[in-house]
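Where a number appears in this text, it was derived from the coordinates with a stated rule and is not lab data. Given the structure is predicted, the values throughout are model-derived calculations rather than measurements. Cβ sites come from the backbone with ideal geometry, for glycine too, and all protein chains shown count toward neighbours.
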Amino acid sequence: MKHKWILSLFLALWAGVANTADTLEVDNAWIREAPPAAPMLAGYLCLENRTDTPVTLVGVESPLFEFVMMHRTETVNGMARMLHQDKVVIAAGKRVCFEPGGLHLMMPAPEKRLLAGDRVELDLLFEDGTKRHITVPVKAP
Ligand SMILES: [Cu+2]
């Protein structure tokens, strides 16, 4: 029992010091403006891990979208296809970018069309249970 309490205290302190969500740099985030009939939207961002331990992104949420998927586009025999990613690992000291033609976020277009200049709230969810809130602009392609 006592050990459990000490472990909880340790975890609480550790979370306060090394919070994944806070130590990660997020930049170049944007959502691509899509035509009125487009059923899905694509989003992009870069994550830079300046710590000495790997960081794992396990999901993305937004109040605006029913769900947000992480995809990777791969070209096999000249055919592009999208593969679902359950997690994306950002190795220690590395930078991973979601960008056109590679990793991307994919979400169903909301009823009210998003236009360049709109801003979207996203939460990045990490394997250690931490979250990072970001505000992402919509941009014309
Ligand atoms: Cu996709």
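With both labels modelled 7 Å from their Cα along Cα-to-Cβ, the Arg50 to Asp118 distance reads 3.3 nm. Compactness check for the range 38-141: Cα Rg over 2.2 N^0.38 Å is 1.10.
Sorted on the mean count of surrounding Cβ atoms within 10 Å across their residues, most packed first, peptides 89-102, 123-136 read 123-136, 89-102.
Distance between the pseudo-spin-label points of Thr73 and Glu99 (7 Å out from Cα toward the beta carbon): 1.3 nm. Assuming R0 = 35 Å, what is the FRET efficiency of Glu111 and Ala91, from their Cβ-Cβ distance, to the nearest 0.05? The formula returns an efficiency of 0.35 here.
Amide H to amide H distances under 5 Å link Gln85 with Met70, His71, Arg72, where only residues 5 or more positions off or on other chains count and H is placed in the peptide plane. Dividing the helix sum by the residues of the chain, where each DSSP H run of 4 or more adds -39500 (n - 2.57), gives a mean residue ellipticity at 222 nm of -4000 deg cm²/dmol.
To the nearest ten degrees, helix 2-17 and the longest principal axis of the Cα atoms of the chain are 50 degrees apart.
Mean separation of Cα pairs under 8 Å and 6 or more residues apart, divided by the residue count, gives the range 25-141 a relative contact order of 34 percent.
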